[in-house]
Amino acid sequence: MAAPLSRRKSISYSKWGYFFIAPFFIIYAIFSLIPLIDTFKNSFFEYYYSQLKWTGPNFVGFDNYKMVLSGDLMKYFGNTFIIWIIGFIPQIVVSLALASWFTDLRLKLKATGFFKVVIYLPNVIMAAAISMLFYSIFSEYAIGPINSILLNAGAITEPYKFFSYTTSTRLIIAGINFLMWYGNTTIMLMAAIMGVDTSLYESAQIDGANPTQTFWKITIPLIRPILLYVLVTSLIGGIQMFDIPSVITNAKGAPNRTTMTVVMYLNNYLTTGKNYGMAGAVSVILFIVAAVLSLLVFYLMRDKDAPKKKLKKKKGANLL
Amino acid sequence: MRTYDVAGQNNDKTILTIRRVFCYVVLILLTVISLFPFLILLINSSRSHVEIQQGFSMIPGTQFLENFKNAIFGKTYNGTRLQWNVFGGMLNSFIVAGFATLLSVYFSAFTAYGIHVYDFKLKNVAFTFILVIMMVPSQVSALGFVNLVSKMGLKDSLIPLILPTIAAPATFYFMKQYMESSLPIEIVEAARIDGCNEFRTFNSIIVPILKPAFAVQAIFTFVTNWNNYFIPSLIISKDEKKTLPILIAQLRSADFTKFDMGQLYFTIMIAIVPVVIVYLCLSKFIIRGVTLGSVKG
């Protein structure tokens with residue numbers, strides 16, 4: 001008698017599960033899923049605003065994709081990637097160094113709490129505001145602080161136009177990316193290093209390994225899955241780069257569209273040059289790129305629980 | 001032998017000291033790099049336009065209150081009136097970030113509770129689905145979102161910036177992980193025996209237990225929404241509804257030759273300061289939160 005009763009009870013409780021997940025799924029369906037489907041649909045239609053009137057929507061098949069892919073999109077993917085990598089390389093190097101110092105048993109650095117607070121600070125600040133601040137700091141108008149310092153030091157004789165050159169503009173954007181994210185990466189890598197068995201470091205020390213050897217032979221191999229995770233998630237964040245280059249260049253990607261990112265290009269089709277067909281096609285391509293990268297993250301995450309298996313046998317670890 | 005040992009130790013100690021000094025030098029350098037832009041911001045927002053134009057100096061000026069007044073109420077400079085709805089922007093940002101935080105944190109826990117506690121048919125499907133959508137960038141559905149919002153007649157309204165935060169996959173995931181580590185199912189069963197209904201159990205028993213997770217996620221959600229620029233800039237075009245990031249981005253299109261730089265720096269500072277204050281007060285929780293998220297997520 002007791003068994004059926006309790007089973008009936010558990011069935012009646014389980015229905016509550018739907019009650020609790022309902023708000024999430026209703027809101028997601030309305031505000032994300034329907035828009036996503038609508039975006040996909042738009043990518044197959046000719047639909048744009050020009051000369052004060054809307055043309056379309058007319059079904060055109062894959063024409064928008066052909067147009068987008070034969071246009072400048074690849075160049076903008078290139079810009080995005082270049083700016084991302086200029087920021088990412090120093091970010092991973094500095095973060096690895098800081099993370100290993102903060103967790104070093106022998107160094108015993110003081111005031112690490114203070115340093116962690118300082119290096120993470122830029123991450124919480126509004127990207128639009130940091131960008132506007134950097135624009136003002138480097139600007140040639142009203143002689144910005146950097147130009148002022150350089151002029152006073154005699155390094156230059158007239159204000160340097162940082163935002164008129166591709167290299168300096170890209171470096172400034174990448175620099176802001178670096179500044180905003182190296183603290184975050186440091187803390188993530190610290191968590192990874194602290195997860196490594198301390199006895200490994202102790203025995204390495206007894207065996208007379210120097211810090212460089214310990215770092216390359218113990219730390220790096222053991223946190224490799226997390227390093228890859230950091231790399232791929234940073235890349236996913238990188239392809240979404242918008243706020244900083246948009247504010248720095250006033251949405252123009254100046255000079256000569258060399259700092260135009262993919263999302264800035266998408267934003268142009270959504271705002272100034274309204275073309276919903278092209279915007280749809282760019283969105284779908286962006287979606288595919290993000291999906292491929294995300295699958296990579298899922299793959300890495302799944303293997304994270306079995307790092308030993310992975311070290312022994314790279315492929316087929318899941319079969320074991 | 002003994003002398004050799006001592007010498008070896010000394011040598012070790014010297015190397016350690018050199019390494020330590022090197023680390024501190026790098027750390028101090030990074031601290032300077034991280035803080036210098038904000039130092040410039042702080043100094044220049046206290047100087048007058050003329051002082052700023054004369055060149056950079058580490059000495060703060062005396063125009064702090066004047067710049068504050070200009071940033072809020074606007075200023076006529078070279079015949080052009082430059083005024084942004086900064087105060088209104090701040091209010092709008094507070095409304096959006098505040099409500100988004102409340103909704104996002106509460107409903108993420110709500111959803112996580114549904115999946116954590118109950119065994120229903122679609123449980124695994126629902127969980128996998130949320131994990132999959134976690135990585136979809138919000139930009140890819142921006143076009144459809146703008147269309148939807150205009151069809152709903154909600155353009156220039158703050159509602160489409162607040163309501164969608166109910167479905168926050170990353171916050172959900174954090175809550176789910178937290179429940180797995182610190183929400184024993186026995187608590188729920190005890191509440192059932194006491195005759196508490198499921199909804200009330202969640203509100204009066206589970207929510208208090210989740211407080212630490214709420215705190216961490218509340219900070220992150222607030223900061224994210226306070227700083228959010230891309231979607232709001234597509235939805236809002238009326239001045240009185242603009243949030244701070246939109247106003248800040250607009251400063252860029254202003255003509256710098258007709259601009260009071262003190263007013264400009266102060267306006268940027270207004271956008272940054274609230275978050276910096278929150279951060280400095282709660283930095284412990286924030287850094288712990290990042291650590292937790294990275295270990296698990």
(request) Would you mind telling me which numbered condition in (1) within 14 Å of chain A (Cβ to nearest Cβ); (2) at pLDDT 90 or above B:A191 fails? (result) (2)
(request) For region B:117-136, name all the residues that are basic (K, R) and over 17 Å from B:E180 (Cβ atoms). (result) B:K121
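Does region A:164-179 hold any residues that are farther than 26 Å from A:L121 by Cα and touching a residue at least 60 places away in the same chain (Cβ under 8 Å), and which are they?
Result: A:S164, A:Y165, A:T166.
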(request) Consider B:M135 carefully, then state whether it is touching a helix residue (DSSP H, G or I) at 6+ places or on another chain (Cβ under 9 Å), hydrophobic (A, V, I, L, M, F, W, C), part of a loop (DSSP other than H, G, I, E, B) and closer than 30 Å to B:K284 by Cα. (result) yes
(request) Being outside any helix (DSSP H, G or I) and more than 7 Å from chain B (Cβ to nearest Cβ) is the filter here, so list the residues in region A:89-121 that pass it. (result) A:D104, A:L105, A:K108, A:K110, A:A111
(message) Can you tell me which condition B:F230 does not meet? The list is (1) without any contact (Cβ under 8 Å) to a residue 60 or more places away in the chain; (2) under 30 Å from B:F174 (Cα atoms); (3) at the interface with chain A (Cβ under 8 Å from one of its Cβ atoms), and all the others hold.
(response) (1)
(request) Please identify the pairs in which a residue from region A:111-129 that is on the phi > 0 side of the Ramachandran plot has its Cβ atom under 8 Å from the Cβ atom of a residue that is of a type outside the set (G, A, S) and part of a helix (DSSP H, G or I), counting only partners at least 6 apart or on another chain. (result) none
(request) Please report, ordered by residue number, the helices (runs of 4 or more DSSP H) entirely within region A:1-83 with at least 1 residues that are among the β-branched types (V, I, T), modelled with pLDDT of 90 or more and farther than 17 Å from A:A281 by Cα. (result) A:16-28
(request) Tell me, yes or no, whether region A:198-219 has at least one residue that is farther than 30 Å from A:L36 by Cα, of a type outside the set (K, R), in contact (Cβ under 8 Å) with a residue 12 or more places away in the chain and within 9 Å of chain B (Cβ to nearest Cβ). (result) yes
(request) Go over the candidates B:I33, B:I59 one by one and state the one that is within 8 Å of chain A (Cβ to nearest Cβ), of a type outside the set (S, T, Y), over 22 Å from B:W226 (Cβ atoms) and surrounded by fewer than 19 Cβ atoms within 10 Å (Cβ to Cβ). (result) B:I33
(request) Sort out which residues of region B:80-89 are under 21 Å from A:I143 (Cβ atoms) and surrounded by 19 or more Cβ atoms within 10 Å (Cβ to Cβ), and write them in order of number. (result) B:L82
(message) Consider region B:277-297. How many of its residues are within 18 Å of B:L42 (Cβ to Cβ) and at the interface with chain A (Cβ under 7 Å from one of its Cβ atoms)?
(response) 1
(request) Have a look at B:A167, B:A213 and point out the one that is closer than 30 Å to A:N268 by Cβ and either within 7 Å of another protein chain (Cβ to nearest Cβ) or surrounded by 15 or more Cβ atoms within 10 Å (Cβ to Cβ) (or both). (result) B:A167
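Residue-wise test of (1) hydroxyl-bearing (S, T, Y); (2) within 30 Å of B:F73 (Cβ to Cβ); (3) outside the structural domain of B:Q54 (by TED's automatic domain parsing); (4) at pLDDT 90 or above.
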{"site": "B:K211", "(1), (2), (3), (4)": "no, no, yes, no"}
{"site": "B:L234", "(1), (2), (3), (4)": "no, yes, yes, yes"}
{"site": "B:K238", "(1), (2), (3), (4)": "no, yes, yes, yes"}
{"site": "B:I272", "(1), (2), (3), (4)": "no, yes, yes, yes"}
{"site": "B:V278", "(1), (2), (3), (4)": "no, yes, yes, no"}
(request) Given the conditions (1) touching a residue at least 60 places away in the same chain (Cβ under 8 Å); (2) over 16 Å from the mean Cα position of the chain (by Cα), report the number of the one that B:P184 does not fulfil. (result) (1)
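Would region B:136-143 turn up any residue that is surrounded by fewer than 19 Cβ atoms within 10 Å (Cβ to Cβ) and more than 10 Å from chain A (Cβ to nearest Cβ)?
Scanning region B:136-143, I find no residue that is surrounded by fewer than 19 Cβ atoms within 10 Å (Cβ to Cβ) and more than 10 Å from chain A (Cβ to nearest Cβ), so the answer is no.
Could you name every one of the helices (runs of 4 or more DSSP H) located completely within region A:189-274 that has at least 2 residues being crowded, with 20+ Cβ neighbours inside 10 Å?
Filter on region A:189-274 gives A:220-239, A:243-248, A:262-270.
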(message) Out of the residues in region B:36-56 meeting the condition of being part of a loop (DSSP other than H, G, I, E, B) and crowded, with 16+ Cβ neighbours inside 10 Å, tell me which one is nearest to the chain's Cα centre (by Cα).
(response) B:S45
(message) If I ask for residues that are within 14 Å of another protein chain (Cβ to nearest Cβ) and within 23 Å of A:E140 (Cβ to Cβ), which ones from region B:62-79 would you list?
(response) B:N67, B:Y77, B:N78
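What about B:A100, is it modelled with pLDDT of 95 or more, touching a helix residue (DSSP H, G or I) at 6+ places or on another chain (Cβ under 9 Å) and either buried (at least 21 other Cβ atoms within 10 Å of the Cβ) or not assigned by TED's automatic domain parsing to the domain that holds B:N228 (or both)?
yes
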(message) I'm trying to understand the selection: among the residues of region B:248-269, which are more than 9 Å from chain A (Cβ to nearest Cβ) and buried (at least 16 other Cβ atoms within 10 Å of the Cβ)?
(response) B:Q250, B:D260, B:G262, B:Q263, B:F266
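The values are calculated or read from the model by the stated rules, or taken from the named source; none is laboratory data. All values reported here derive from a predicted model rather than from experimental measurement. For neighbour counting, all protein chains shown are included, and Cβ atoms are generated from backbone atoms with ideal geometry for every residue, glycine included.
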